[in-house]
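Input: a single structure, listed below in structure tokens.
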Amino acid sequence: MRLRDELVDKAKRLEEMLDRVPEPVARELRTKIAELRELLLEQRAPRFVLVGRRGAGKSSLVNAIFGEAVAQVGHEKATTARGSWFSYQGDLGTLEILDTRGIQEGTVPEAADAALSPVESTARALREKAPDAVLFLIKAKEVDAAVEGDLDALVEVSQKIRAIHHFRVPIVAVVTHCDEVEPRNVRLHRPDEEREDDLQEKLDRIARIESHLEAKIRQRDELRDQFVAAHGVSAYQSWRRDGTRRADDRWRIDELLDFLLDELPEQARVEFVRLSQVKAMQHRIASRLTNIIATICGGIAATPVPVADIAPITSLQTSLITGIGYVSGRRLEIKTATEFLGAIGVNVGAAVALRETARALAKVLAPGLGSVVSAAVAFGGTKAIGRAAAAYFIDGVDVDRARDIFKKTKRKAKRLYESRQKEEGDDAWIFPFDDDEFAQGD
Ligand SMILES: Nc1nc2c(ncn2[C@@H]2O[C@H](COP(=O)(O)OP(=O)(O)OP(=O)(O)O)[C@@H](O)[C@H]2O)c(=O)[nH]1
Ligand SMILES: [Mg+2]
């Protein structure tokens with residue numbers, strides 16, 4: 001992939017540049033570049049193990065995450081997926097799923113020709129790859145009955161993972177079919193059209209089911225410290241034969257994904273956020289990217305040797321835009337990113353001219369010239385570009401609005417940075433702002 005190669009190349013050149021930068025600063029920048037690598041370059045598909053009985057809604061949950069029909073629901077044949085990793089592919093990305101169905105049904109193979117029992121085939125798959133999380137699915141109405149057998153299966157899977165990979169995998173319990181909880185006719189996905197008291201009754205009942213299940217899981221010593229939470233959802237969607245969607249009764253899937261995101265390692269996050277298309281999550285990743293890159297840009301500009309050139313800054317800023325574009329579900333060329341910069345009023349031409357002037361000056365005045373751009377401008381400008389790109393690519397605002405966001409954010413970020421500089425001096429970029437601080441007085 002060309003874009004990826006370009007990014008790899010950029011990261012490498014940045015790191016080489018750091019060889020000429022004095023130590024504490026270089027180390028700080030290296031850490032940031034490493035974070036950037038994990039987030040942008042070492043991405044892979046998230047890997048989930050699904051534990052749950054037949055019909056619990058495992059395939060439906062996969063479809064609910066994608067918002068498309070990628071997994072067959074209801075009438076899956078014995079040949080699909082079970083006992084081995086399966087890549088579900090949507091338009092925007094891939095999930096790797098290990099369906100352990102059958103473990104809690106005993107060890108008898110379902111098909112006569114199956115060489116391995118469900119336990120054996122699951123163990124073999126787990127040796128191949130470590131999962132990022134285990135999702136334990138159970139129907140709301142079944143939480144009361146026979147959970148113990150399911151929990152035995154859960155313990156078995158999590159102990160296998162610990163034995164093979166030496167880590168405690170996070171376990172998230174998903175209470176499915178919440179839409180069918182009494183009062184049944186109250187539609188969770190249309191709360192505005194329902195009577196408030198009816199809705200509340202249903203929500204209360206679901207909350208009780210969740211805490212009941214949580215209590216049962218926490219009773220197990222083998223699960224307690226890996227268990228994250230129980231989360232009620234409806235994953236129901238239905239498609240016509242021609243592929244158009246007939247019903248979308250999904251409820252609280254976004255919230256589930258949001259806290260699954262917290263459990264994922266850095267390398268699986270961008271892919272997850274891209275394929276699930278939850279804007280709030282996309283904003284979270286966009287904002288992390290923005291903060292990392294703004295810090296690096298601020299650091300380069302503050303670097304006390306004249307390697308500080310505007311070129312790596314502009315180049316990082318275009319990477320930021322392509323990165324945010326990617327998170328939103330697009331694939332942008334560097335050229336598109338540069339055009340976006342132009343469109344929101346960043347004078348890319350002027351940046352290049354400035355660089356030439358700086359080089360000429362550097363020859364006369366070097367060493368010790370310092371940077372062409374102030375750290376405040378580099379930081380503030382990058383922060384502003386990230387915000388504008390997120391608004392444009394994730395929220396779909398128009399160019400005028402994006403330009404407006406750019407201008408306002410730039411002013412504000414620059415001011416904030418300068419006040420930070422008064423406290424911390426030239427190292428101010430090492431102490432970046434969290435977004436709350438930034439949002440104050442917005
Ligand atoms: N009402 C409702 N129905 C659901 C929900 N999730 C799944 N279903 C339905 O439950 C049935 C079984 O769902 P699947 O997703 O196929 O379940 P599964 O766990 O993959 O089943 P197996 O592959 O056979 O183990 C299907 O008819 C789904 O439409 C839900 O949240 N609400
Ligand atoms: Mg299934």
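Here segment 47-263 is assigned +1 on the Cβ of each Lys and Arg and -1 on the Cβ of each Asp and Glu. Its dipole about the Cα centre then comes out at about 640 debye.
The heavy atoms of Leu320 present about 0 square angstrom of accessible area, all protein chains included, probe 1.4 Å. The residues of the chain present an accessible area of 46 Å² per residue when probed at 1.4 Å with all protein chains retained. Taking one quarter of the surface of the convex hull spanned by the alpha-carbon atoms of segment 47-263 gives a direction-averaged projected area of 12.5 nm². Normalised by the number of residues in segment 47-263, what is the relative contact order in percent for Cα pairs under 8 Å and 6+ residues apart? Value for segment 47-263: 21 percent.
For q values of 0.07, 0.12 Å⁻¹, compute log₁₀ I(q)/I(0) with the Debye formula on a Cα-only model of the chain, without solvent. Per q value, in the given order, log10 I(q)/I(0) is -0.44, -1.03.
Once the convex hull of all Cα atoms in segment 199-351 is built, its volume per residue stands at 208 Å³. Reducing segment 13-29 and segment 164-207 to their Cα centroids gives an inter-centroid distance of 50 Å. Contact order, relative form, for segment 161-212: 28 percent (alpha carbon pairs under 8 Å, 6 or more residues apart, mean separation divided by residue count).
Relative to the longest principal axis of the Cα atoms of the chain, the long axis of helix 266-276 lies at roughly 70 degrees.
When the listed pairs Lys383/Lys408; Lys383/Lys407; Lys139/Lys202; Lys202/Lys279; Lys279/Lys414; Lys12/Lys383 are checked against a 20 Å cut-off, the alpha-carbon distance exceeds it for Lys202/Lys279; Lys279/Lys414; Lys12/Lys383. Where in segment 324-343 is the amide nitrogen less than 12 Å from a point lying 7 Å along the Cα-to-Cβ axis of Val399? Counting backbone N atoms under 12 Å from the label point, the list is 339-343. Here the chain is treated with +1 on each Lys and Arg Cβ and -1 on each Asp and Glu Cβ, and its dipole about the Cα centre works out to around 1340 debye. Axis angle, to the nearest 10 degrees, between helix 375-390 and the longest C-alpha principal axis of the chain: 40 degrees. Enter the Cα centre distance for the pair segment 378-399 and segment 252-308, rounded to the nearest angstrom. Computed from Cα coordinates, the inter-centre distance equals 14 Å. Given R0 = 56 Å, the distance between the Cβ atoms of His166 and Glu194 translates into a calculated FRET efficiency of 0.70.
Sorted largest first, the spans of the alpha carbon positions of segment 107-207 along the three principal axes are 52, 34, 22 Å. Under 10 Å, Cα contacts only: if you run a Gaussian network model on the chain, which one of Arg187, Arg124, Arg246 comes out with the highest mean-square fluctuation? With Cα springs under 10 Å in the chain, the top fluctuation among Arg187, Arg124, Arg246 is at Arg246. Where in segment 377-399 does the amide nitrogen come within less than 18 Å of the point 7 Å from the Cα of Glu6, taken along Cα to Cβ? Answer for this model: 386, 389-390, 393. Counting only alpha carbon atoms, the long axis of helix 348-365 and the longest principal axis of the chain meet at about 50°.
The values are calculated or read from the model by the stated rules, or taken from the named source; none is laboratory data. None of these values were measured; they are calculated from a predicted model. Neighbour counts run over all protein chains shown; Cβ positions are idealised from the backbone, glycine included. Accessible surface is based on the protein model in full, side chains and every heavy atom, while ligands, DNA and RNA are left aside. Shrake-Rupley method; radii C 1.70, N 1.55, O 1.52, S 1.80 Å.
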